[in-house]
Amino acid sequence: MSKLTVYHYPRCGTCRKAIQWLNARGHELDLRPIHETPPSAEELKELVEFSGLELKKFFNTSGEVYRELGLKDKLAGMTEAEQLALLASNGMLIKRPIVRNNHQLVTVGFKEEEYERVWG
């Protein structure tokens, strides 16, 4: 199987389920704790491009930090560069897990049917 990079938060149940799913299918995983070493703004820009998702899908909208900063009302007025810099500044703002391979495939979050299609 392929080697995958997984940006995760160890105490996140969804992240643990995703890692367990990937391990069960024989993937080699490079685990990166998102709260300790969040991806840089440049890495995030690449992840967004490869995922095909809108940048706003990378925000952990149910997270405490997102709510504390009042980002629901502020994101629309921010540039892409500002949003990427904000995400890179605090890994707890990033929706997780983010899984990527070396062939420009990226998934955000964990939905078993999507994982089966992309990583199965």
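Helix 13-24 sits at what angle to the longest principal axis of the chain, using alpha carbons and giving 0 to 90 degrees rounded to 10? Its long axis makes an angle of about 30 degrees.
May I ask which of LYS3/LYS56; LYS45/LYS95; LYS17/LYS74; LYS17/LYS95 have a Cα-Cα span longer than 20 Å here? Too far apart for the 20 Å limit: LYS3/LYS56; LYS17/LYS74.
Rounded to the nearest 10 degrees, the inclination of helix 41-51 to the longest alpha-carbon principal axis of the chain is 60 degrees. Taking Cα atoms only, the orientation of helix 80-89 departs from the longest principal axis of the chain by about 70 degrees.
When only C-alpha pairs under 8 Å and at least 6 residues apart count, what is the relative contact order of the stretch 3-119, in percent?
Working: 154 pairs, mean separation 43.0, N = 117.
This gives 37 percent for the stretch 3-119.
Rounded to the nearest 5, the antiparallel percentage of DSSP beta bridges internal to the chain is 55%. The trypsin sites (Lys or Arg not before Pro) of the stretch 1-107 meeting both criteria, a DSSP state outside H, G, I, E and B (loop) and at most 14 other C-beta atoms within 10 angstrom of the site's C-beta, are ARG11, ARG25. Shown here for the stretch 16-120: GluC sites (Glu not before Pro) in loop regions (DSSP other than H, G, I, E, B) with at most 14 other Cβ atoms within 10 Å, namely GLU36, GLU54.
For the stretch 3-119, taking Cα atoms only, Rg and Dmax work out to 13.7, 43 Å respectively.
Read-outs: derived from the displayed coordinates by stated rules, not from any lab. Note that the coordinates shown come from a computational prediction; the quantities given were computed from them, not determined experimentally. Cβ: placed from backbone, ideal geometry, glycine included. Neighbour counts: every protein chain shown.
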